[in-house]
Amino acid sequence: MPFLTYSTILTRTNQRRFSLDKFVIRGGKRLSGSVQVSGAKNASLALMPATILAPGRYALSNTPVLRDVATMSHLLESIGCVTKHADHTLMIDSSKVTTFEAPYEHVKKMRASVYVLGPLLGRYGQARVSLPGGCAWGPRPVNLHIEGLRRLGADVELEAGYIVAKAKRLKGARILFDVSSVGATGTVLMAAVLAKGTTVIENAAMEPEITTLAEFLIAMGAKIHGIGSSTIEIEGVDQLHPADVTTIPDRIEAGTFLVAAALAGTRGKTVRVERCDPRHLGAVMNKLEDAGARLTRGKDFVELEPPEAIKPVNVTTAVYSGFPTDMQAQWMALMSLASGTSIITDTIYFDRFTHVPELNRLGANITIKENVATVVGRKELTGAKVMSTDLRASASLILAGLAATGVTEVLRVYHIDRGYERIEAKLQGLGADIERVSGEEF
Ligand code: UD1
């Protein structure tokens, strides 16, 4: 693939974004074979803004080609960085950061744009970042990011929909988060590495994407202890230097393929999910075994043989290393065909259930009360036209469509392009009958 600037990629993906592309799935094809997992979207979205912290050239290998990565690259370009993405290596030159603003146009497309706040403030002493709005499934506050930066001595005001933060030099502090937040931990981590003195984050996020960010910062010269635990200690340094990094595999993409295999695999055969990190998939793999699937764990692969009958298994989402909220919708698709009733509770996002009415249109029997879904397993799902509403909801509808009888059309698949690289090609490689059909502009 030739080097593409992100303006080019974004223009292309934007064309797709505003189109009515849909997936047409002829269900019932049994999956088998192998599939390779891409780099983790949520790791890339944290690693990329960290390059603001030290001017220079970086190579981020195993960076997935996704719409969210394009959006972050475009944001970095808008503040003066130069980016090029080829063969899954993202080159970033952050030598000339000229503005310190993340405008609404970027943040409204992708909430993770807020990640530039910490490094801009830590490196340049100022940042103006649009407040993100809600999500399709409800409010997504950034109060913890702001409180964390204030604890580090920043002057943070909200002005006309923007977070305006200033500090001569941040000062180390003790920060105890009420809620474990991936984003707020990332923001404070990136701000504190250049602060004067020591920062301690308690109730820090332990997700692998935060661990990989901390390791990248250490490679850039930061001093961080307690990585991967809920207490992270950061000794501020005067300056950092560029470094290269390989992005970890996407555990949610891997989990999605494993659930697809459990739902639509071939009895007596396996689906092998390659280039993943099974250490990051513990909760999902345990639940799949509870559901009756047979798993073989390798160093960088997992093989799954589907169950005779899918057993009903309750899940409650939790922070890492619990069952991820980003797998809740896919799990619900699996449970829709279980041989009994299961309860699925989301404790991270109480309103993240926009996939439920769409799964019900495919014949599922799911009811919601507050943040608890009761799924009465059905003998079969039947194809229908369904509308995807967000990234993981889209994934659940595709999985349900693979297992349904007849034809399922999943509309508005631009959501899936945010976080799954060429999902239709990867599923076709496993034997699925799925095609992307271009639609009209809207
Ligand atoms: C990240 C992931 C997202 C995943 C989520 C939870 C990225 C780019 N996205 O999102 O895919 O679903 O973690 O694993 O990495 N909260 C507050 N105040 C804040 C921040 C968060 O109350 O300032 C709450 C949220 O409403 C939520 C909980 O904290 O209930 C966890 O959210 P958080 O971990 O911050 O999610 P994100 O970092 O936005």
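Observations, loosely collected:
- Among the candidates THR317, THR296, THR256, THR341, residue that is within 16 Å of the ligand (Cβ to nearest atom), assigned by TED's automatic domain parsing to the domain that holds GLY431 and either within 23 Å of LYS29 (Cα to Cα) or more than 20 Å from the chain's Cα centre (by Cα) (or both): THR256
- Where strands (runs of 3 or more DSSP E) fall entirely within the stretch 50-126, those with at least 2 residues that are within 20 Å of THR211 (Cβ to Cβ) and open to solvent by less than 10 Å² (accessible area, probe 1.4 Å) are at 57-61.
- Candidates are the residues of the stretch 191-219 that are assigned to a helix (DSSP H, G or I) and free of Cβ contacts under 8 Å to residues at least 60 places away in the same chain; the one that is farthest from TYR124 (Cα to Cα) is THR211.
- When LEU258, LEU304 are checked against the criterion of being open to solvent by less than 10 Å² (accessible area, probe 1.4 Å) and in a strand (DSSP E or B), a single residue qualifies: LEU304.
Each row is one residue, and each column tells you yes or no for (1) surrounded by 21 or more Cβ atoms within 10 Å (Cβ to Cβ); (2) assigned to a strand (DSSP E or B); (3) within 18 Å of the chain's Cα centre (by Cα).
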{"site": "ILE234", "(1), (2), (3)": "yes, yes, no"}
{"site": "ARG272", "(1), (2), (3)": "no, yes, no"}
{"site": "ALA283", "(1), (2), (3)": "no, no, yes"}
{"site": "ASN286", "(1), (2), (3)": "no, no, no"}
{"site": "GLN330", "(1), (2), (3)": "yes, no, yes"}
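- Taking the criterion of being buried (at least 24 other Cβ atoms within 10 Å of the Cβ) and in a strand (DSSP E or B), the residues of the stretch 385-409 that qualify are VAL386, THR408.
- Each residue in the stretch 45-73 was checked for being more than 16 Å from the ligand (Cβ to nearest atom) and at negative phi, and 10 of them qualify.
- Criterion: more than 16 Å from the ligand (Cβ to nearest atom) and aromatic (Phe, Trp, Tyr) - qualifying residue of PHE177, PHE100: PHE100
- Among residues of the stretch 332-369 being without any contact (Cβ under 8 Å) to a residue 12 or more places away in the chain and assigned to a helix (DSSP H, G or I), the one that is least open to solvent (accessible area, probe 1.4 Å) is ASN360.
- One residue stands out among those in the stretch 410-431 that are open to solvent by 10 Å² or more (accessible area, probe 1.4 Å) and part of a loop (DSSP other than H, G, I, E, B): the one that is nearest to the ligand (Cβ to nearest atom), which is GLU421.
- Pick from the stretch 180-209, criterion among the aliphatic types (A, V, I, L, M) and within 7 Å of the ligand (Cβ to nearest atom), ranking: surrounded by the fewest Cβ atoms within 10 Å (Cβ to Cβ): VAL182
The values are calculated or read from the model by the stated rules, or taken from the named source; none is laboratory data. Bear in mind that the values here come from a model prediction, so they are computed numbers and not experimental data. Positions of Cβ are backbone-derived with ideal geometry, glycine not excepted, and every protein chain shown enters the neighbour counts. Ligands, DNA and RNA are stripped out before the accessible areas are found, and what is left, the full protein with its side chains, is counted by its heavy atoms. Shrake-Rupley method; radii C 1.70, N 1.55, O 1.52, S 1.80 Å.
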